[in-house]
Each structure stands twice: as C-alpha cells, then as structure tokens.
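So the structure is just underneath, and the comments pick up after that.
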Amino acid sequence: MIYRPIVRDEEISFSKRKFIVSKTDIKGKIIFTNKNFSEISGYSEAELVGEPHNILRHPDMPRAVFFLVWKTLLAGNPISGVIKNLAKDGRYYWVIADLEAKKDANGNIIALTAFRRAAPQDVVDKVEELYTTMVSIEKKHNMEKSLAYLEAYLEENNVNYHEFMDGLIKPKGIISNLLSAFKRMLR
Ligand SMILES: Cc1cc2nc3c(=O)[nH]c(=O)nc-3n(C[C@H](O)[C@H](O)[C@H](O)COP(=O)(O)O)c2cc1C
C-alpha cells in the first residue's frame, strides 16, 4: 500500500532520450517497470510491481482521458496520450505515452504496455488548458460532460482523438528510431 503524495507545483524534467516503460495486467496492475521509471517517478520497482497504475495519477488529469485510454486498449487498439504524472515526492512530470494491448495467439489481451517520453513544452501548452477545463467540468458536473466537451473541441478542430494526438506528438528523427527499437525489445 502506497500513500498518496502531497502535490507540489514543481516539475521534474528529464532527457528526451529516456524512455519510461511499464507493463500491466489487464486490470492495470503493474507487472514490470524499467529503470528510468523508478529514477523519474521516485518509486523503486519493488514498490511499483503489484500496485495499480493509478499510483501516478495526477489530480490535474481529466478522468475522461483515462476513460478513453482504457476503452481503446480493452478493445485491443493502441492509443497515445499526453499525461501529467505524479512522482513519489509530489512533483510532476509530463509524458507522451504510447499504450498498446499485447495479445496471445488467439487474440486475447494478455498485457498492456506503455512507452513514455518527455513531453516538450509546446505539447504541454497545447493540452494544459483543455485539461484544466475538462477537470473543472468533471468537478462541477461529471465525466460524460467532460467527454462531450472534448468531442466538441475535436470537432471544432476537424479531427478525431487519434488525429489530434498524431498532430501533436509524432516522434521525429532519432527519437522515433530509438522508440521503435525499445518497443521491439518488449515484444
Ligand atoms: C499500460 C498502462 C500504463 C498507464 N500509465 C499511466 C500513467 O503513466 N499515469 C497515469 O496516471 N495513469 C496511467 N495509466 C492509467 C491508470 O491505470 C488509471 O486509469 C489512471 O491513472 C486513472 O486513475 P483512476 O482510473 O483510478 O481514476 C496506465 C494504464 C495502463 C494500462
């Protein structure tokens, strides 16, 4: 059992070449984390394994984003997101996360994986205001209203969620090559 840290408005920045990797079961319970995960979040692998992944949940993140993440993953599809994470010491770090469902030979989902890299400031700037609005809608009303707000926002920009993310976070050059290599390693 891990206690929730007291949130501090202080950022942890880290190299854009440091990928943070984790793997969970289909309930979101952590079964593997890499060294960078521990280094950046402040939790040791022993503290993390067996815990639910919401251990990193930051109160500034809209519930609707995670709803979409789970809905997509459990349908067997990949999804990316820009996520503000909460470290053990209460500081935060922004990541771009690529999440994927791993399946067995029969197509059953056996695990879920996440590869994260540092989110550049311009990406954070593009989602922060949207997330703040969504969180306040969730506090005042409910998640359905926040999802509806997100949908209207996307519609106004003429994109669906995946296109919105692609436009925002597509990895470039060497980072893209490194990321593909890391993803292959966890297969
Ligand atoms: C593979 C995988 C990786 C995840 N990574 C994160 C993460 O880095 N940060 C986070 O807040 N939630 C992450 N989640 C989502 C959490 O499971 C959870 O839905 C989220 O923290 C919201 O918490 P709640 O569902 O208790 O509201 C991940 C889920 C999966 C399946």
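The values are calculated or read from the model by the stated rules, or taken from the named source; none is laboratory data. Bear in mind that the values here come from a model prediction, so they are computed numbers and not experimental data. All Cβ positions, even for glycine, are placed from backbone atoms using ideal geometry, and neighbour counts span all protein chains on display.
Just a few scattered comments:
- Among the residues listed as Ile6, Ile55, Ile31, Ile26, the single one being more than 10 Å from the ligand (Cβ to nearest atom) and either of a type in the set (A, V, I, L, M, F, W, C) or in contact with a Pro (Cβ under 7 Å, 6 or more places away or on another chain) (or both): Ile6
- Filter pass, Phe66 being in contact (Cβ under 8 Å) with a residue 40 or more places away in the chain and not in a loop (DSSP other than H, G, I, E, B): no
- So Arg63, is it within 9 Å of the ligand (Cβ to nearest atom) and more than 27 Å from Asn142 (Cα to Cα): no
- Of all the numbered requirements in (1) in contact (Cβ under 8 Å) with a residue 12 or more places away in the chain; (2) within 23 Å of Ala111 (Cα to Cα); (3) within 14 Å of the ligand (Cβ to nearest atom), Ser38 misses one, and that requirement is (1).
- Qualifying residue in segment 67-90 (condition: farther than 29 Å from Glu144 by Cα, modelled with pLDDT of 95 or more, in contact with a strand residue (DSSP E or B) (Cβ under 8 Å, 6 or more places away or on another chain) and not basic (Lys, Arg)): no
- The set of residues in segment 101-124 that are in contact (Cβ under 8 Å) with a residue 60 or more places away in the chain, surrounded by fewer than 19 Cβ atoms within 10 Å (Cβ to Cβ) and either under 16 Å from the mean Cα position of the chain (by Cα) or within 9 Å of the ligand (Cβ to nearest atom) (or both) comprises Ala111, Pro120.
- Of everything listed in (1) exposed (fewer than 15 other Cβ atoms within 10 Å of the Cβ); (2) near the ligand (Cβ under 8 Å from one of its atoms); (3) charged (D, E, K, R), the single unmet condition for Lys71 is (2).
- Screening Tyr43, Tyr93 for residues that are touching a residue at least 60 places away in the same chain (Cβ under 8 Å) and either in contact with an Asp or Glu (Cβ under 9 Å, 6 or more places away or on another chain) or crowded, with 18+ Cβ neighbours inside 10 Å (or both) leaves exactly one candidate, Tyr93.
- Filtered residues of segment 1-24 (kept if surrounded by 13 or more Cβ atoms within 10 Å (Cβ to Cβ) and either without any contact (Cβ under 8 Å) to a residue 24 or more places away in the chain or in a loop (DSSP other than H, G, I, E, B) (or both)): Pro5, Val7, Ile12, Phe14, Lys16, Lys18, Phe19
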